[in-house]
Amino acid sequence: MRQISLNIEPHLDAQISDFEGPGWKPVIDTARQMHLGLLNRFYLYGEAGTGKSHVLTAICESYLDMQRSAIKVSLLDLLDAPIDAITSLENYDLVALDDIETISGVIHWQRAIFHLINSSGEGGGQLIFSSRLAPTELRFELPDLQSRLTQAVSLKVPDGSNVADRKALVEAVLKRRGLIFDGQIIDYLIHHGPHKSAVLLKTIEQLDALLHGDRRKLANSTRRQIYALIDEYNKTV
């Protein structure tokens, strides 16, 4: 069963093989445990731009590759939707709920997520949550939901400060997508580009659009334009 669309967020291009850096190993190892049915709840947290949404997409894609149903939903985008929308998620093998902190102060959505946790557990489903906050830092009005989330295995995602994580991510994405960048540009991107994974991936998208797959020797003016683009993305974080 392929992932259905609730028309609430753009699809992100990500695969679990993208996250091969040493800092991501605990996250991917835990995802593998979920594949084997050893865990039913997993909670990821980290500041904005660190790649939480991408890794949630990647984990969902890994389920789909195993012919299991999976969907990722941003709760930030779902807040204004009818509360009944949550019931459509109960039959998935895996539901990944992004931006869980956004339901703070919204008690009816807290109750809905608590119900989803219960119904998913009874039906053998699995849940992944992501947030900018650690589970103990959430301030929910529903204590039972807070308790359920703190009981989940929780991991902080890497912040990108480790150059080995950035190198592994860039090389894996370029290889998977069949992109060939000049070696000096790749080196500059890894060492002088943005550290956070989500911004780094967006930079790769922009470089691909700029180069249009051109593998010829780059003119100095084009190279300067590329370096300037990388520098500009680095300033956004």
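Give me the helices (runs of 4 or more DSSP H) completely within the stretch 139-237, filtered to those with at least 3 residues that are touching a helix residue (DSSP H, G or I) at 6+ places or on another chain (Cβ under 9 Å) and touching a residue at least 60 places away in the same chain (Cβ under 8 Å), ordered by residue number. Don't jump to the end; show me each part of the working.
Working: elements: 143-151, 163-177, 183-192, 197-211, 220-234.
The qualifying helices (runs of 4 or more DSSP H) are 143-151, 163-177, 197-211.
Checking Y92 against (1) open to solvent by 50 Å² or more (accessible area, probe 1.4 Å); (2) hydroxyl-bearing (S, T, Y); (3) in a loop (DSSP other than H, G, I, E, B), which test does it fail?
Only one criterion is unmet by Y92, namely (1).
Is one or more of the residues making up the stretch 184-200 modelled with pLDDT under 90, open to solvent by 20 Å² or more (accessible area, probe 1.4 Å), closer than 24 Å to G21 by Cβ and under 24 Å from the mean Cα position of the chain (by Cα)?
No.
Residues of the stretch 40-96 being touching an Asp or Glu at 6+ places or on another chain (Cβ under 7 Å), over 19 Å from I117 (Cα atoms) and hydrophobic (A, V, I, L, M, F, W, C), which ones?
The one that is touching an Asp or Glu at 6+ places or on another chain (Cβ under 7 Å), over 19 Å from I117 (Cα atoms) and hydrophobic (A, V, I, L, M, F, W, C): A58.
Give the stretch 18-36 a look and list any residue that's part of a loop (DSSP other than H, G, I, E, B) and either among the β-branched types (V, I, T) or in contact (Cβ under 8 Å) with a residue 24 or more places away in the chain (or both), or say none. Lay out the reasoning, then the answer.
Let us first name the residues in the stretch 18-36 that are part of a loop (DSSP other than H, G, I, E, B), namely 19-21, 36.
Across the stretch 18-36, the qualifying residues are F19, E20, G21.
For residues that are more than 14 Å from L127 (Cα to Cα) and open to solvent by 10 Å² or more (accessible area, probe 1.4 Å), tally how many sit in the stretch 63-86. Even if it seems obvious, please write down each step before you answer.
To start, the set of residues in the stretch 63-86 that are more than 14 Å from L127 (Cα to Cα) comprises 64-67, 76-85.
Checking the rest, the ones that are also open to solvent by 10 Å² or more (accessible area, probe 1.4 Å) come to 65-67, 76-77, 79-85.
Of the residues in that region, 12 qualify.
Is it the case that some residue within the stretch 155-164 is touching a strand residue (DSSP E or B) at 6+ places or on another chain (Cβ under 6 Å), open to solvent by 60 Å² or more (accessible area, probe 1.4 Å) and under 20 Å from G21 (Cα atoms)?
Yes, the stretch 155-164 contains a residue that is touching a strand residue (DSSP E or B) at 6+ places or on another chain (Cβ under 6 Å), open to solvent by 60 Å² or more (accessible area, probe 1.4 Å) and under 20 Å from G21 (Cα atoms).
Just to be sure I understand the filter: pairs with C-beta atoms under 9 Å, separated by 6 or more residues or on different chains, first member in the stretch 98-124 and on the phi > 0 side of the Ramachandran plot and acidic (D, E), second member open to solvent by 10 Å² or more (accessible area, probe 1.4 Å) and part of a helix (DSSP H, G or I). Which pairs pass?
Final answer for the pair search is D99/K52; D99/S53; D99/L76; D99/D77.
Could you count how many residues in the stretch 41-79 are more than 20 Å from T136 (Cβ to Cβ) and either over 12 Å from the mean Cα position of the chain (by Cα) or part of a strand (DSSP E or B) (or both)? Don't jump to the end; show me each part of the working.
Here is the first cut: in the stretch 41-79, the ones more than 20 Å from T136 (Cβ to Cβ) are 49, 51, 53-74, 76-79.
From what is left, the residues that are either over 12 Å from the mean Cα position of the chain (by Cα) or part of a strand (DSSP E or B) (or both) are 62-74, 76-79.
Qualifying residue count for the region: 17.
Quick one: how many residues across the stretch 113-131 are in a helix (DSSP H, G or I), surrounded by fewer than 21 Cβ atoms within 10 Å (Cβ to Cβ) and among the small types (G, A, S)?
Going through the stretch 113-131 one residue at a time, the tally reaches 2.
The values are calculated or read from the model by the stated rules, or taken from the named source; none is laboratory data. Not measured: the values here are computed from a predicted model. Glycine gets a Cβ as well: all are built from the backbone with ideal geometry, and neighbour counts include every protein chain shown. The area values use the complete protein model at the heavy-atom level, side chains included, leaving out ligands, DNA and RNA. Shrake-Rupley method; radii C 1.70, N 1.55, O 1.52, S 1.80 Å.
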